[in-house]
Amino acid sequence: MKSRVPKNIGGAQNMNSMIKQAQKMQDEITELQNDIEAREFSATSGGGVVEVVVTGAKNIKSLTIKPEAVDPNDVEMLQDLVISAVNEAMANVEKTTEEEMNKITGGVSLPGLF
């Protein structure tokens with residue numbers, strides 16, 4: 001018994017279209033990654049006594065500590081405030097990256113791209 005396979009279903013044409021769409025998406029992702037890496041994200045802790053600014057490439061650009069945050073008898077609290085601000089700023093980078101990538105990918109996870 002022979003099976004019938006439809007002819008001319010546009011396989012090559014569909015494949016070319018998919019490749020073009022994938023290339024367009026890859027270009028958009030690369031552009032977005034470059035845009036995010038150029039941005040600055042800031043966060044504060046301790047009611048604003050510690051502020052950190054990081055780039056989208058996750059490099060610390062600046063760290064501001066107000067004098068009232070410096071207590072020689074409680075260095076650990078200052079350390080915690082700095083860590084908290086840095087972690088929040090990094091989380092802002094991750095959140096923004098994820099949200100904006102989802103706009104491009106439609107929420108589909110593409111391992112290795114971001």
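Computed from the coordinates by the stated procedures, all read-outs in this text should not be read as laboratory data. Only a predicted model underlies this, so the values are computations on that prediction, with no experimental measurement involved. Neighbour counts run over all protein chains shown; Cβ positions are idealised from the backbone, glycine included.
For the chain, averaging the sequence separation of C-alpha pairs within contact (under 8 Å, six or more residues apart) and dividing by the residue count gives a relative contact order of 23 percent. Legend: translational diffusion of region 41-106 by Stokes-Einstein, Rh = Kirkwood radius over C-alpha pairs, 25 °C, 0.890 mPa s; D = 194 µm²/s. Highest mobility in the GNM of the chain, judged by mean-square fluctuation with C-alpha springs under 10 Å and restricted to GLN13, GLN33, GLN79, is found for GLN13. A full extension of the chain between ASN92 and ASP35 corresponds to an added length of 19.0 nm, given 0.36 nm per residue minus the alpha carbon distance.
With axes computed from alpha carbons, what is the tilt in degrees of helix 75-105 against the longest principal axis of the chain, rounded to the nearest 10 within 0 to 90? Approximately 20 degrees, to the nearest ten. Axis of helix 11-38 versus longest Cα principal axis of the chain: the two differ by about 10°, to the nearest ten degrees.
Say the cut-off is 29 Å between C-alpha atoms; which of LYS20/LYS58; LYS61/LYS95; LYS66/LYS95 go over it? In this structure, LYS20/LYS58 lie more than 29 Å apart at Cα. Straight-distance candidates among the aspartates and glutamates for linking to LYS24, with alpha-carbon spacing under 16 Å and chain neighbours fewer than 8 residues away dropped: GLU100.
Between VAL70 and GLN26, the simple label model (points 7 Å from Cα in the Cβ direction) yields a spacing of 5.1 nm. For the pair THR105 and THR44, a Förster radius of 30 Å applied to the C-beta separation gives a FRET efficiency near 0.45, rounded to the nearest 0.05.
Summary of packing: across the peptides 44-55, 15-26, the per-residue average of other C-beta atoms within 10 Å ranks them, highest first, as 44-55, 15-26. Which of (i) 23.6, 89; (ii) 13.2, 37; (iii) 23.8, 67 is the computed Rg and Dmax of the Cα atoms in Å for the structure on display? So the calculated entry is the one marked (i).
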